Amino acid sequence: MMSKFVEPITLEISPVSLGEGEQAIRQEIALQLYAQNIFTFGQARRLANLSVWEFQQVLGQKNIDRHYNETDLAEDICYSKS
């Protein structure tokens with residue numbers, strides 16, 4: 001049974017991203033949610049509005065470990081068909 005209370009999360013938005021606009025902010029939030037294992041790969045890359053390849057590149061540039069699993073794969077397959 002799920003708890004009625006959701007654990008708070010902390011997100012930090014850099015002044016550079018704030019100055020670059022919505023796309024940069026969305027990408028930064030997506031990366032943090034993915035890094036904290038809150039969002040799947042598919043959820044995070046869609047929030048960041050990036051292709052699979054682009055999101056993989058950004059993860060590498062930011063030294064964020066991948067945690068892509070069968071659920072992520074199924075989600076990406078389903079999303080690509082819609």
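Values in this text are rule-based calculations from the coordinates and carry no lab data. Just so we're clear, the structure is a prediction, and the values are computed from it rather than from any experiment. No Cβ is skipped: glycine too gets one built from the backbone with ideal geometry, and neighbour counts run over all protein chains shown.
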### Query
Which whole-Hz ³J(HN,Hα) couplings does region 33-39 yield from phi under the Karplus relation 6.51 cos²θ - 1.76 cosθ + 1.60, θ = phi - 60°, glycine and proline marked x?
5, 5, 4, 8, 6, 8, 9
#### Entry: Candidates Leu33, Leu18, Leu59: whichever shows maximal mean-square fluctuation once the chain is modelled as a Gaussian network with Cα springs under 10 Å
Leu18
### Task
Scan (i) 51; (ii) 32; (iii) 36 for the value of percent of Cα pairs over 20 Å apart calculated from this model and give just the label.
(iii)
### Task
Determine the gain in length on full extension of the stretch Ile13-Arg66; use 0.36 nm per residue of separation and subtract their C-alpha separation, reporting nm with one decimal.
17.0 nm
#### Entry: Size of electric dipole in region 16-81: Cβ of Lys, Arg +1 and of Asp, Glu -1, about Cα centre, debye, nearest 20
40
